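The values are calculated or read from the model by the stated rules, or taken from the named source; none is laboratory data. Just so we're clear, the structure is a prediction, and the values are computed from it rather than from any experiment. All Cβ positions, even for glycine, are placed from backbone atoms using ideal geometry, and neighbour counts span all protein chains on display.
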Amino acid sequence: MPVLEVRDLQKHFPVATGTLLRRKTGWVKAVESINFSIEAGETLGLIGESGCGKTTTAKLILLQERPTGGTIRFDGEDIGGLHGDGLMRYRRSVQVVFQDPFASLSPRMRVGDIIAEPLEIHTGMTRQQLQQRVAEVLELVGLSPDVAKLFPHEFSGGQRQRVAIARALATNTRLIILDEPVSALDVSIRAQIINQLEHLQDTLGVSYLFIGHDLATVAHISQRIAVMYLGHLVEIAESTELCAHPLHPYTQALLIAALPAHPDAKQERIAITGEIPSALAPPPGCRFHTRCPHAMPRCSVEAPVSKEVAPGHAVACHLF
Amino acid sequence: MAITTAGRGTEARAAGRWRGKLSAARELPLLPIFILVPFAFAALFAELIAPYDPTMPIPGAKFFMPPYWMEGGSPDALLGTDFQSRDILSRLIFGARVSLLVGIMGTVVAGSLGTALGILSGYLGGWVDQVIMRVTDAWLALPALVFAIFLATLLGPSMWNIVTILGLVYWTRYARVIRGEVLSLREREYVKLAEIAGASSLRVIMRHILPNVLNTTMVLASLTIGVVIIAEASLSFLGVGVPPPEPAWGLMLSEARSTLMAGKWWLTVFPGVCILLVVLATQLFGDWMRIRLDPQQRNL
Amino acid sequence: MTTPYLEVRDLQTHFTTFGGSRVVKAVDGISFSLREGETLGLVGESGCGKTTTCLSIVGLLPPAARIAGGEIRLAGEDLTKKSPREMRRIRGRKIAMILQDPMASLNPLFNIYTQVSEPAYYHLGIRRQSLRRRVEDLLRSVRIPSPAMRMRNYPHQMSGGMRQRIVGAIALAGGPKLIIADEPTTNLDVTIQAQYLDLLKDIQQETGVAIIFVTHNLGIVAKMCDRMAVMYAGKIVECGSVRDLFGAPSHPYTKALLGSMAKLGSKEPLFAIPGQPPDLANLPPGCAFHPRCAEATQHCSEHEPKIVPCGQDWTAKCWLAHPKESLRHDHARA
């Protein structure tokens, strides 16, 4: 059974205009009917450009927002119906690491207290037990236990991100949402963090949902990748399969847009033009047809449904 | 351990330190300190410093004695006497106690009330926010002094009533500013992380919100003290503040009003100068705090 | 082979802090050159001095910084000797800059026409109808659809990618020979970034402008640049053609940076550079990279390596690149 299972998930935000009497004049369909699952010990990469709904998806999983439709199941249990103990158990099992390690650690708290916070909320540990657990997770992420008494501003970006990961791990977490965890870091530090995350997964069996926009990084850490475009999941496949045989024209464009690893690598010009349409007024039919080089008349009328074209490889496109 | 803030860039930091050096040059607010320290000292040790009982006439002294350097003055009453032949200097010294006490306590009441409501309003949002903010708006629409006079006549004259009244009049400013601050704090990632970890609203407020708005509260408070002192003086001047014979600067001004035209300038000028100096000093101090506690400059 | 259009020789830019009691050498004796129409990638991590280098060239250093030595020759003229007034004539006309955040680079209060026309108005003295035509041409050259209509728009009416192209049009407006692009695509989405990079290449082919591309992203360097200079702690540690450096990097730092890049479709573990970028105010002795270097020796922690050639138009600042004899010679002297 998968750790997390997302079924027909939808999130629509009302748009209100007018200053005195705010009237709902429309909906932003941030997430529209997406499906995926994450197995224990697996990393699912979620890739897409700004405004595609990947952050909203994360917020829905983290119960920061309530879905408009669909379900999210954790260990088979619908998290929409959780309260009391069940809710606390879920809160304990799912944590998040944000992009900017300068914004995600409270500047007024010592690192030890930051890491201990979820433990204080969920366990009745004594001061000493807390210290011990903090020391344990600090060591897990490659920091010395002595740093617990320092303040975040005494750390570099990479070390802060390690602290954020340590905090996310503290409660024996089962699933960590990694929301662009390396985008804000120095290049020489990114590899450290990626390797650390992979190592932690190997030793602890924790699952990741890795959200990113850089295909090379996402493909490196993920076993499977889901590609999002304007609230829809357009393609999902094993990461090696997706990089070798991208089917959806948008995935192909992302692959071409990915920067080369060597100056001699074959470079194509990107075929798609224009920019992502506004989610306020998304195009009808297939959301991508306005930029798609293979668009057919049918694409602007009928939204494609996701089809499994090979085992584990599903794509939502009229070409298939 | 390498303690660097690599993510921010060393160039930027180097430039920042340079700016930090500039502000360090005006490190301590000397002028406000020079003014406030003697007044605070006078307020604390009024019994020891004041030559006479401020509420009783100096035995054998004349009414309206001018300061000692003027003709008809006497070294017994350095700054002269008032219409009941009470010593002006002693009244000023005890008046400092009333002014500072009312100023500080009124600010504390206003600050706690306003900060608490501002945090609740900003963090909880929804209808709580709506109710608190509408009340605040309505409150702000009332003219402060008229409202204070109204409350004062309701509650009756006493120093602690004045404190309560001024607290009730001046909390709105805190509520507005703190709410705005909380609205932005609420979106900070570390607050989100605490919520995601399952922290209760109370916990988030006490651990993450309150410590981060205290700076703002402090700055607002230092700027409010002056306003509260003036309000106290105004109320006393209008006869609804500190009841006579208690020595308060505003009351002294009020009592001297009728004799102002008769050339008895020392009755009004001395308390007036005291109010001016203290309010000016607290405002300067508040300004200094505002710059000093600005997190962007403090974190250098 | 022509003489270089821009030549930076032994440039030193220092930040003075604490009223002169401390000097931070943000840029410490770097030299590089750029020919007309060439693209140089200036690569390094935050705080390595790449932005300071650019600001030194355009003469826009913050007040705490000053050029302490060296020269910057643009078409033979030393820019370090120029007055601020003369530098104003050079900026926009000969050198233009594209910054990271297009929203911050554009003034929200003026329409696109006003902002794009400004450099052409001041530097080229173009007026009225021809100015309008010039702006239209510029917008067309950065692929803004229906430019005559678009130039009446304001920045907030445009998307991020469009704004960054407007910034590009402003940079081109004065007809510069050199564009310094400081991380111009960091805030853009990947597909938009790809379109923008393709556009820059086209513009370069059309106008022959030289570009200094400041970035921490080696992928962009591989895609865009002819030559690259790798900076570490205020110094250029390796400089040469992109092909040479990607093929067989001489400096361990270049090697490590390349190894830490995630490569598409490869699952091999990344090479992680241990430690943190150094604090410029507190540099380690010897080679600044030695505490993080996998191949460092005792010698590296004591002596700073000199810049040595290791191929045609290819230099490295590392003891490993030094010929063995000179190393022994140095040893003997030490």
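List of remarks:
- Index of the failed condition, A:LEU204 passing every other in (1) crowded, with 22+ Cβ neighbours inside 10 Å; (2) under 20 Å from the mean Cα position of the chain (by Cα): (1)
- Set side by side, the residues A:PHE98, A:PHE13 differ, and just one is closer than 24 Å to B:HIS208 by Cα and in contact with a helix residue (DSSP H, G or I) (Cβ under 9 Å, 6 or more places away or on another chain), which is A:PHE98.
- A single member of B:LEU140, B:LEU113 is closer than 30 Å to B:ARG186 by Cα, surrounded by fewer than 16 Cβ atoms within 10 Å (Cβ to Cβ) and in contact (Cβ under 8 Å) with a residue 24 or more places away in the chain, and it is B:LEU140.
- Neighbours by Cβ (under 9 Å, 6+ apart or cross-chain): first from segment C:279-292, basic (Lys, Arg); second surrounded by fewer than 19 Cβ atoms within 10 Å (Cβ to Cβ) and not in a helix (DSSP H, G or I): C:ARG292/C:PRO274; C:ARG292/C:GLY275
- Leading residue by the ranking (surrounded by the most Cβ atoms within 10 Å (Cβ to Cβ)) among those in segment C:17-48 that are in contact with a strand residue (DSSP E or B) (Cβ under 6 Å, 6 or more places away or on another chain) and of a type in the set (Val, Ile, Thr): C:VAL27
- Selection count where residues are under 11 Å from A:GLY45 (Cβ atoms) and buried (at least 24 other Cβ atoms within 10 Å of the Cβ), scope segment A:229-246: 3
- Matching entry among A:VAL97, A:VAL31 (being closer than 17 Å to A:GLY212 by Cβ, among the β-branched types (Val, Ile, Thr) and touching a strand residue (DSSP E or B) at 6+ places or on another chain (Cβ under 8 Å)): A:VAL97
- Going through (1) at pLDDT below 90; (2) surrounded by 16 or more Cβ atoms within 10 Å (Cβ to Cβ) one by one, B:GLY156 falls short only on (2).
- All of (1) more than 14 Å from chain A (Cβ to nearest Cβ); (2) assigned to a helix (DSSP H, G or I) hold for C:GLN195 with one exception: (1).
- Of all residues in segment A:198-206, at least one satisfies being closer than 28 Å to A:LEU254 by Cβ and not in a helix (DSSP H, G or I).
- The single residue among C:GLN100, C:GLN115 that is of a type in the set (S, T, N, Q) and at pLDDT below 90 turns out to be C:GLN100.
- Residue within segment C:151-158 that is more than 27 Å from A:THR273 (Cα to Cα), touching a residue at least 40 places away in the same chain (Cβ under 8 Å) and not in a helix (DSSP H, G or I) present: no
- When segment C:293-324 is filtered for residues that are outside any loop (DSSP other than H, G, I, E, B), in contact (Cβ under 8 Å) with a residue 40 or more places away in the chain and either touching a strand residue (DSSP E or B) at 6+ places or on another chain (Cβ under 7 Å) or farther than 29 Å from A:GLY142 by Cβ (or both), the ones remaining, listed by number, are C:CYS310, C:GLY311, C:TRP314, C:THR315, C:ALA316, C:ALA321.
- So B:LEU253, is it surrounded by 19 or more Cβ atoms within 10 Å (Cβ to Cβ), over 26 Å from the mean Cα position of the chain (by Cα) and in a helix (DSSP H, G or I): no
- Unmet requirement for C:ILE67, which otherwise passes all of (1) touching a Pro at 6+ places or on another chain (Cβ under 8 Å); (2) more than 8 Å from every other protein chain (Cβ to nearest Cβ); (3) in contact (Cβ under 8 Å) with a residue 40 or more places away in the chain: (1)
Residue-by-condition table, conditions (1) assigned to a loop (DSSP other than H, G, I, E, B); (2) modelled with pLDDT of 80 or more; (3) within 14 Å of chain A (Cβ to nearest Cβ); (4) buried (at least 22 other Cβ atoms within 10 Å of the Cβ):
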site: B:GLU11; (1), (2), (3), (4): no, no, no, yes
site: B:LEU36; (1), (2), (3), (4): no, yes, no, no
site: B:LEU48; (1), (2), (3), (4): no, yes, no, no
site: B:PRO67; (1), (2), (3), (4): yes, no, no, no
site: B:LEU92; (1), (2), (3), (4): no, yes, no, yes
site: B:VAL98; (1), (2), (3), (4): no, yes, no, yes
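- Highlighted here are the strands (runs of 3 or more DSSP E) found entirely within segment C:7-125 that include at least 1 residues which are at positive phi: C:22-34, C:65-74.
- Of all residues making up segment A:292-320, the number that are assigned to a loop (DSSP other than H, G, I, E, B) and of a type in the set (S, T, N, Q): 1
- Here the helices (runs of 4 or more DSSP H) wholly within segment A:8-125 that include at least 1 residues being modelled with pLDDT of 90 or more, in contact with a His (Cβ under 8 Å, 6 or more places away or on another chain) and within 14 Å of chain B (Cβ to nearest Cβ) are A:84-93.
- Members of segment A:144-194 found to be within 21 Å of C:PRO269 (Cβ to Cβ), facing chain B (nearest Cβ under 9 Å) and not in a helix (DSSP H, G or I), listed by number: A:LEU185, A:ASP186
- Odd one out for C:LEU200 among (1) under 18 Å from C:VAL142 (Cα atoms); (2) within 18 Å of the chain's Cα centre (by Cα); (3) facing chain A (nearest Cβ under 9 Å): (3)
- Complete set of residues in segment C:280-313 that are surrounded by 15 or more Cβ atoms within 10 Å (Cβ to Cβ) and β-branched (Val, Ile, Thr): C:ILE307, C:VAL308
- Scanning segment C:179-189 for residues that are of a type outside the set (Ser, Thr, Tyr) and either in contact with a Gly (Cβ under 7 Å, 6 or more places away or on another chain) or surrounded by fewer than 24 Cβ atoms within 10 Å (Cβ to Cβ) (or both) gives C:ILE179, C:ASP182, C:GLU183, C:ASN187, C:LEU188, C:ASP189.
- Residues located in segment B:34-76, provided they are among the β-branched types (Val, Ile, Thr) and free of Cβ contacts under 8 Å to residues at least 60 places away in the same chain: B:VAL37, B:ILE49, B:ILE58
- Residue check, C:SER266 more than 23 Å from the chain's Cα centre (by Cα) and either among the hydroxyl-bearing types (Ser, Thr, Tyr) or buried (at least 24 other Cβ atoms within 10 Å of the Cβ) (or both): yes
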